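The values are calculated or read from the model by the stated rules, or taken from the named source; none is laboratory data. This structure is a prediction, so every number in the text was calculated from the model and none was measured. With ideal geometry, Cβ positions are generated from the backbone for all residues, glycine too; neighbour counts draw on all protein chains shown. When the accessible area is computed, the model is the full protein with side chains, heavy atoms only, and any ligands, DNA or RNA have been set aside. Shrake-Rupley method; radii C 1.70, N 1.55, O 1.52, S 1.80 Å.
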Amino acid sequence: MAVIVALGAFLMTLAGGWTAQRVTDRRHLVLGLAGGLMLGVVGLDLLPEALEAAGTAVFGVPAALLLFVAGFLLAHLVERLLAHLPHSRLRSSGGTPMASHGAGEHNGRSPEVGLTAAAAMVGHSAMDGVAIGAAFQVGGGMGTAVALAVIAHDFADGFNTYTITSLYGNARRRALAMLFADAAAPVVGAASTAFVTIPEPLLGAYLGFFAGALLYLAAAEILPEAHHEHPARSTVLCTITGAAFIWLVVGLSE
């Protein structure tokens, strides 16, 4: 039953990615919406769950919040390290450099950062599947409630996965590959619960860490890019709409 329900998450993730792909002519609105969705997922979904599952204090601070800060800092560190990696320069027949910047960069962004972020989204989606399977082990009612919440916000996951991968200059086929991996991850995660049970504190620690990394991408990359060329009120409205949508999803799932 958990695997069958997770197929709904698979379809909803693909729907989110398809939407992000089709509105490229309104890229600033797409990014604004993605930033709001990510902010809502972090503040209204991931952090509350992380604090509930791994709320043990370490030197006066909940472990989930410590890992939240660690995830934010690690995302920043990884991006800085990848951005400064040396890239080979293309040369003309005369031996002079054809470009002073790495060919692998896109507007100063390294494609590897986008792939890393998308891979984290895939990991999170797999944990969503695990949550569905674990909830069905508790009972049918619990499983249905968790499944509805996961399916609803997997639209945002698919939307964000495709957007993040593309934003960092990765080719469309890579973005689609990461989207399909993100869509399949809940099904794999749900199936895994037939063999493995993840301790609740470990699950909470992961959610806190992932929330920090996701917040960094939203606040330091997605939203600034959304307002870089089109600082319009409509972009701000899309961001607010994205956060409000996650609030609605969380409220309905309670």
Item to check | Any hit, the stretch 164-178, residues being of a type in the set (Lys, Arg), crowded, with 16+ Cβ neighbours inside 10 Å, modelled with pLDDT under 85 and under 24 Å from HIS28 (Cα atoms) | outcome: no
Checklist entry - Restricted to the stretch 217-246, and to residues that are open to solvent by 50 Å² or more (accessible area, probe 1.4 Å) and closer than 22 Å to PHE72 by Cβ, which residue is modelled with the highest pLDDT? => result ALA219
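Considering only the stretch 45-66, state which residues are in a helix (DSSP H, G or I), in contact with a strand residue (DSSP E or B) (Cβ under 8 Å, 6 or more places away or on another chain) and open to solvent by 40 Å² or more (accessible area, probe 1.4 Å).
Listed by number, the residues that qualify are LEU51, LEU66.
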Next on the checklist: If the requirement is being more than 14 Å from the chain's Cα centre (by Cα), open to solvent by 80 Å² or more (accessible area, probe 1.4 Å) and within 29 Å of VAL130 (Cα to Cα), which of these qualifies: LEU252, LEU203?
Outcome noted: LEU252
Checklist entry - How many of the residues in the stretch 220-236 are aliphatic (A, V, I, L, M) and either under 18 Å from SER125 (Cα atoms) or without any contact (Cβ under 8 Å) to a residue 60 or more places away in the chain (or both)? => result 0
Next on the checklist: If I ask for residues that are modelled with pLDDT under 75, small (Gly, Ala, Ser) and over 21 Å from ALA2 (Cβ atoms), which ones from the stretch 108-157 would you list?
Outcome noted: GLY108, SER110
Next on the checklist: I'd like to know if the stretch 77-85 contains one or more residues that are open to solvent by less than 80 Å² (accessible area, probe 1.4 Å), within 23 Å of ALA171 (Cβ to Cβ), aliphatic (A, V, I, L, M) and modelled with pLDDT of 75 or more.
Outcome noted: yes
